[in-house]
Amino acid sequence: MLNTVIAGRRFVPVMLGAALLLTSASQVPAQTPTTLAAAPRTDEWWTNMHKDFLAQTKKGGIDLLFLGDSITQGWGGNETWKKHYTPRHAANFGIGGDGTQHVLWRVENGEIDGIKPRVIVMMIGTNNAGGSSADEIAAGNKAIVKQLRKRLPETKILLLGVFPRSEKPDDTRAKLKAVNEKIAKLDDGDKVHYLDIGSKFLREDGTISADIMPDFLHLSPKGYAIWADAIEPSLKKLLGEDK
């Protein structure tokens with residue numbers, strides 16, 4: 001009998017401790033995914049690029065804005081850019097290595113303040129593919145679009161599906177396809193327009209040619225020409241040039 005009582009007394013504190021642990025765990029807030037945690041990068045060159053964008057913003061006169069990572073940065077004022085976008089007073093705010101969290105921070109920290117571009121062409125997310133889920137990458141895109149709509153309510157957004165990568169279909173490409181299926185739902189038929197041009201970069205068998213993406217991620221001049229041709233009809237419509 002005495003052993004039973006002692007055992008019972010030991011059992012109660014154990015149960016109370018377990019209950020407290022469960023209660024504490026339930027009160028711990030879920031960690032914000034990296035893709036949603038707006039953050040700058042600490043590299044000096046990155047900070048300098050951000051400052052350069054701020055200077056361009058302050059100068060004004062931006063009617064068309066490209067926003068993204070190294071794939072966007074890679075336009076670099078090439079011949080296709082000069083042909084299609086320089087006459088439209090376009091600016092390129094792409095930074096190599098950026099993920100959704102970095103673009104989100106840039107949008108929230110002055111890069112679009114004081115300007116009223118008619119259209120923003122946005123593509124971001126491939127640099128998040130290594131450590132984030134499709135849901136998280138899509139959520140990052142949604143957060144950026146939300147900020148753009150809040151700060152630039154009259155600007156139209158051409159939201160591009162993340163381009164395919166890798167020479168052959170693989171898990172990363174499958175993840176990006178899942179991202180695109182999710183962000184396609186952000187299209188509201190008014191200010192946000194989704195467009196997936198990824199198939200333009202693929203052969204019939206699903207592989208990518210090195211003459212379009214030399215490293216199977218970044219575009220060659222031929223790849224940029226394909227990009228420009230693929231978005232031109234949508235861009236003309238959003239800019240009101242098709243009337």
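The values are calculated or read from the model by the stated rules, or taken from the named source; none is laboratory data. Because the structure is predicted, anything quoted here is derived from the model rather than measured. Counting neighbours? That spans all protein chains shown, and the Cβs are built from the backbone with ideal geometry, glycine included. Keep in mind that these areas ignore ligands, DNA and RNA; they rest on the heavy atoms of the full protein, side chains included. Shrake-Rupley method; radii C 1.70, N 1.55, O 1.52, S 1.80 Å.
A few notes on this one:
- Euclidean distance between Cα centres, the stretch 222-237 to the stretch 80-124, Å: 16
- Just checking the listed ones, GLY68, GLY131, GLY140: in the Gaussian network model of the chain with Cα springs under 10 Å, the one fluctuating most is GLY131.
- Amide hydrogen proximity for GLY94: with H placed 1.01 Å from N in the peptide plane, the residues at 5 or more positions away or on another chain lying under 5 Å are GLY68, GLN73.
- Each other residue within a Cβ distance under 9 Å of LEU54 adds +1 if Lys or Arg and -1 if Asp or Glu, for a net charge of -1.
- Only DSSP H runs of four or more residues enter the estimate; each adds -39500 (n - 2.57), and after division by the residues of the chain the mean residue ellipticity at 222 nm equals -14500 deg cm²/dmol.
- Interchain or long-range residues, amide H under 5 Å from ILE197's placed H: GLY161
- Taking a span of 27 Å or more along the helix axis (Cα atoms) and a mean Kyte-Doolittle hydropathy of at least -1.0 as the rule, the DSSP H helices of the chain that qualify are 2-27.
- Candidates TRP227, TRP45, TRP105, ranked by Gaussian network fluctuation over the chain, Cα under 10 Å, top entry: TRP45
- Rounded if a/c under 1.5, otherwise prolate or oblate - the stretch 167-243, Cα gyration tensor axes: oblate
- Heavy atoms of the protein chains alone define the surface here; on that basis the chain has 53 Å² accessible area per residue at 1.4 Å probe size.
- Residues whose placed amide H lies under 5 Å from that of LYS156, excluding near-sequence neighbours: VAL119, ILE120
- Tensor-based shape of the chain (alpha-carbon gyration tensor, a/c under 1.5 rounded, otherwise prolate or oblate): prolate
- Scattering profile of the stretch 55-123 at q = 0.14, 0.20 Å⁻¹ [log10 I(q)/I(0), Debye over alpha-carbon scatterers]: -0.39, -0.81
- Extending 7 Å from Cα along the Cβ direction at ASP215 and again at ARG149 yields two label points whose distance is 3.5 nm.
- Within the stretch 229-243, backbone nitrogen closer than 16 Å to the virtual label 7 Å beyond the Cα of ASN78 toward Cβ: 229-232
- Percent carbon-and-sulfur accessible area, the chain, ignoring ligands, DNA and RNA, probe 1.4 Å: 55
- Rounded to the nearest 10 Å², the accessible area of ARG88 at probe 1.4 Å: 30
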